[in-house]
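J.: Quick one: the structure is below, questions incoming.
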Amino acid sequence: MATKDAALHALIEPVVSAMGFELWGIDYLSQGKHSRLVVFIDHPDGVSVDDCADVSRQVSAVFDVEDPIHGEYRLEVSSPGMDRPLYTLEQFARYAGHQVAVKLRVPFDGRRKFQGLLAGVENDEVLVRLDGEEYCFPIESIDQARVVPQFED
């Protein structure tokens, strides 16, 4: 986890936990005046729009005091949804058996994007099975990963 993300996570996680939610992850996209902080929260009973608004108000209050992001930014609080991003080894392990789309930081075998069955986690590696082969990606080599929702006909 990058230093900025780790600092933001340290500020946000206690707020989200105190409100009874799990901090699923954060995405900070620094783009000058159009910077954006997306906070994903989860709960076994689901997450409502009101839940997101409540968490947003609390996180905003902490950020008003701590001021961890300089300049303008937009704060968004959301459920991770069905195509949820995966950030930690624990999350990858929790979604073993599901289809995932993985984007690597640097190419492996000439490509950065892989989509297949999440076979599990071994040590600090994520195992993805596709086209009859199993690939082991160190967690630090993964730039982005998402669960790919499967719908039955």
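J.: Would you please name the residue that is modelled with the lowest pLDDT, looking only at residues in segment 1-23 that are of a type outside the set (A, V, I, L, M, F, W, C) and closer than 19 Å to Pro80 by Cα?
T.: So, considering only residues that are of a type outside the set (A, V, I, L, M, F, W, C) and closer than 19 Å to Pro80 by Cα, the one modelled with the lowest pLDDT is Asp5.
J.: Follow-up. Within segment 1-24, is there a residue that is part of a helix (DSSP H, G or I) and of a type in the set (Asp, Glu)?
T.: Looking through segment 1-24, at least one residue is part of a helix (DSSP H, G or I) and of a type in the set (Asp, Glu).
J.: Pairs needed: first member in segment 38-50, over 26 Å from Ile69 (Cα atoms); second member anywhere, assigned to a loop (DSSP other than H, G, I, E, B) and open to solvent by 60 Å² or more (accessible area, probe 1.4 Å); C-beta distance under 9 Å; at least 6 residues apart or different chains.
T.: Going by the 9 Å Cβ cut-off, there are no qualifying pairs.
J.: Could you tell me whether any residue of segment 35-43 is open to solvent by 40 Å² or more (accessible area, probe 1.4 Å) and in a helix (DSSP H, G or I)?
T.: no
J.: I've got another one for you. Could you grab me the full set of residues in segment 79-111 that are farther than 18 Å from Val148 by Cβ and outside any helix (DSSP H, G or I)?
T.: Hits for segment 79-111 are Thr88, Arg105, Val106, Pro107, Phe108, Asp109, Gly110.
J.: Same structure, new question: Can you tell me which residue in segment 46-73 is surrounded by the fewest Cβ atoms within 10 Å (Cβ to Cβ), limited to those that are charged (D, E, K, R) and either at pLDDT 95 or above or in contact with a Leu (Cβ under 7 Å, 6 or more places away or on another chain) (or both)?
T.: Among them, the one singled out is Asp50.
J.: When you look at Val106, is it closer than 23 Å to Glu13 by Cβ and hydrophobic (A, V, I, L, M, F, W, C), yes or no?
T.: no
J.: Let me ask another. Could you list, in sequence order, all residues of segment 122-134 that are open to solvent by 50 Å² or more (accessible area, probe 1.4 Å), part of a strand (DSSP E or B) and within 24 Å of Asp27 (Cα to Cα)?
T.: Scanning segment 122-134 gives a single hit, Glu125.
J.: Confirm whether Val47 is within 22 Å of Asp5 (Cα to Cα) and among the hydrophobic types (A, V, I, L, M, F, W, C).
T.: No; evaluated as a whole, the condition is false for this residue.
The values are calculated or read from the model by the stated rules, or taken from the named source; none is laboratory data. These numbers come from a predicted model, not from an experiment. Positions of Cβ are backbone-derived with ideal geometry, glycine not excepted, and every protein chain shown enters the neighbour counts. The area values use the complete protein model at the heavy-atom level, side chains included, leaving out ligands, DNA and RNA. Shrake-Rupley method; radii C 1.70, N 1.55, O 1.52, S 1.80 Å.
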